[in-house]
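Read-outs throughout are calculated quantities, based only on the coordinates presented, and are distinct from any laboratory measurement. Predicted model only: the values in this text are computed from it and were never measured. Every residue, glycine among them, receives a Cβ derived from its backbone with ideal geometry; neighbour counts consider all protein chains shown.
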Amino acid sequence: MGAPEIHTLAESPWFIKAHLATALLSLLIGIALLLRKKGDIVHKSLGRSWVFLMLFTAAVSFLIQARGRLSLIHILSVVVLITVPLGVVHIRSGRVQRHKVTMLSAFAGLAIAGAFTLLPYRMLGQLVFGGG
């Protein structure tokens, strides 16, 4: 027996709702971090929130499986689970440029994953934009 068909976001499992919510928050906070001053207390606070949200988003993505299996897009989740903590290690070690490149890469991965998962033929794309 396969997974039940989902027609609306409201009837989707908690992990899909959580993944979508934390991904969107990650995107918004990421944009704010890119646009504002670096290194101050607000940047550090927003950065900590962004790290948590990114790691949660990536971890919960493994519960979202089309046809009962992981897809190629889950490679980005693995990349995030490696690069985001690495970016934290870089900044704590004073390697600001490496931190910048690592976190920008993770943000780019978020944007790329979002673009692919919101395509109309994918599950989240159908849930967000309708269709099926």
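Each Lys or Arg adds one and each Asp or Glu takes one away; over the other residues whose Cβ falls under 9 Å from the Cβ of His43, this sums to +3. Packing around the peptides 53-66, 10-23, taken as the average count of other Cβ atoms within 10 Å per residue, puts them in this order, highest first: 53-66, 10-23.
Tell me the net charge near Val128. Cut-off is 13 Å between Cβ atoms, Val128 excluded, with +1 for each Lys or Arg and -1 for each Asp or Glu.
Numbers: positive: Lys17, Arg122; negative: none.
Charge balance in the 13 Å sphere: +2.
For the peptides 33-43, 93-103, residues were scored by their other Cβ atoms within 10 Å and the scores averaged per peptide; the highest-first order is 93-103, 33-43. Label zone (Phe52, point 7 Å along Cα-to-C-beta; backbone nitrogen cut-off 16 Å) within the stretch 72-92: 85.
Coupling constants for the stretch 66-73 follow from the phi torsions by the Karplus curve (6.51 cos²θ - 1.76 cosθ + 1.60, θ = phi - 60°), and in residue order they are 7, 6, x, 8, 6, 10, 4, 5 Hz; glycine and proline get x.
Tell me the mean residue ellipticity at 222 nm calculated for the chain from its helices only (DSSP H runs of n ≥ 4, each -39500 (n - 2.57), averaged over every residue, nearest 500). Each step should come with its number before you reach the end.
Numbers: 5 runs with 91 residues, N = 132.
Using -39500 (n - 2.57) per qualifying helix, the result is -23500 deg cm²/dmol.
For the chain, the longest principal axis of the Cα atoms and the long axis of helix 74-92 meet at an angle of about 20 degrees.
Under the simplified labelling scheme, the Ile82-Ile41 pair shows an inter-label distance of 3.7 nm, with each label point 7 Å from Cα along Cα→Cβ.
Per residue, what volume in Å³ does the Cα convex hull of the chain take up?
Values: hull volume 13.4 nm³, N = 132.
It is 102 Å³ per residue.
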